[in-house]
Structure formats: C-alpha cells, structure tokens
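Have a look at the structure below, then the notes.
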Amino acid sequence: MHDKVKEFNDYRQKMNDKILEADNKVIKRIYNLDTNTFKEGHLPVKTKELLGLVASAVLRCDDCVQYHLEAAMKNGVTKEEMMETMSIATLVGGTIVIPHLRRAVEYWEMLENK
C-alpha cells in the first residue's frame, strides 16, 4: 500500500514540475494562491486542511482528497477527526460522495501504514 502513496506523490511532483516549467503566469499565480491559502493564519493549518478535504470530497476530486488527507495527517489530524470531516462532506455532497469516502478511508489507511 505504501507504494500507492509514493506513486501518487511522485506523479504529482513530476507533473507539477512540468507545469511550472511552462512558466505560465496565471498557473503560477493559482499555485501561489493555493500555497498561501493553506498557510497558518486566523485559522490553523489543521483546520484549513480539513476544510480543503470537505471541499475536495464534495467536488469529487480524489487527487485533492488524497492531498488533503496527507496534509491533514501531517498536521496532527486523527482518524476520528478525518471521519467526522468526511461525514460533513458526505452530508453536504450527498450519497454521490460515498465512493470518495471509501477511497479516502482506504488512502488514510495507506498513510497510517507508510
């Protein structure tokens, strides 16, 4: 399972590098906004990552869900907090979010075992 986490992160890094090498001002600004949005501010980083997780699940972006799961774990989120966060995402997004909930729980377990 650890290989899937590494594979996801390696691919994400490789493609981000290629995208940023294109030197597109708009894309660079969007990446910069994303980086700055998730920095410590009036809300702690942990809270921001959980908000990102909810938005990603509701928008049904598995790559984003995985990214925010990993960042959340690195910022001290417990499995119980993650599950409560995903319960909010499932409530807001409806039952169509359940497949993403399944994959989120699976990826969380991979992170726990890495």
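Values in this text are rule-based calculations from the coordinates and carry no lab data. Only a predicted model underlies this, so the values are computations on that prediction, with no experimental measurement involved. Ideal geometry is used to build each Cβ from the backbone, glycine not excepted, and the neighbour counts take in all protein chains shown.
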### Query
If you check L53 against the conditions, is it among the hydrophobic types (A, V, I, L, M, F, W, C), surrounded by 11 or more Cβ atoms within 10 Å (Cβ to Cβ) and within 23 Å of R103 (Cα to Cα)?
yes
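For residues in segment 103-114 being of a type outside the set (A, V, I, L, M, F, W, C) and surrounded by 11 or more Cβ atoms within 10 Å (Cβ to Cβ), which is farthest from Q66 (Cα to Cα)?
So in segment 103-114, the residues of a type outside the set (A, V, I, L, M, F, W, C) come out as 103, 106-107, 109, 112-114.
Applying the additional criterion that residues be surrounded by 11 or more Cβ atoms within 10 Å (Cβ to Cβ) yields 103, 106-107, 109, 114.
Details: R103: 9, E106: 10, Y107: 7, E109: 11, K114: 14 Å.
It comes out as K114.
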### Summary
Restricting attention to segment 83-101, the residues that are surrounded by 21 or more Cβ atoms within 10 Å (Cβ to Cβ) and either in contact with a strand residue (DSSP E or B) (Cβ under 6 Å, 6 or more places away or on another chain) or not small (G, A, S) (or both) number exactly 4
### Summary
Residue hits (segment 1-43; under 16 Å from the mean Cα position of the chain (by Cα), surrounded by 11 or more Cβ atoms within 10 Å (Cβ to Cβ) and of a type in the set (A, V, I, L, M)) are V5
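Please pick out the residue among N32, N16 that is touching a helix residue (DSSP H, G or I) at 6+ places or on another chain (Cβ under 9 Å) and in a helix (DSSP H, G or I).
On the way: N32 fails: touching a helix residue (DSSP H, G or I) at 6+ places or on another chain (Cβ under 9 Å).
Among N32, N16, only N16 is touching a helix residue (DSSP H, G or I) at 6+ places or on another chain (Cβ under 9 Å) and in a helix (DSSP H, G or I).
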### Task
Kindly establish whether V26 is farther than 28 Å from D3 by Cα, of a type in the set (A, V, I, L, M) and either touching a residue at least 40 places away in the same chain (Cβ under 8 Å) or assigned to a helix (DSSP H, G or I) (or both).
yes
### Query
Which one of the conditions (1) in a loop (DSSP other than H, G, I, E, B); (2) in contact (Cβ under 8 Å) with a residue 60 or more places away in the chain does E109 fail to meet, given that it meets all the rest?
(1)
### Task
Please go through segment 39-74 and pick out each residue that is in a loop (DSSP other than H, G, I, E, B) and touching a Leu at 6+ places or on another chain (Cβ under 9 Å).
L43
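Could you tell me which residue of segment 56-81 is surrounded by the most Cβ atoms within 10 Å (Cβ to Cβ), considering only residues that are among the β-branched types (V, I, T) and more than 8 Å from the chain's Cα centre (by Cα)?
From segment 56-81, those among the β-branched types (V, I, T) are 58, 65, 77-78; that's our starting set.
In the following step, the residues that additionally are more than 8 Å from the chain's Cα centre (by Cα) were identified as 58, 77-78.
Working: V58: 18, V77: 21, T78: 10.
Here the answer is V77.
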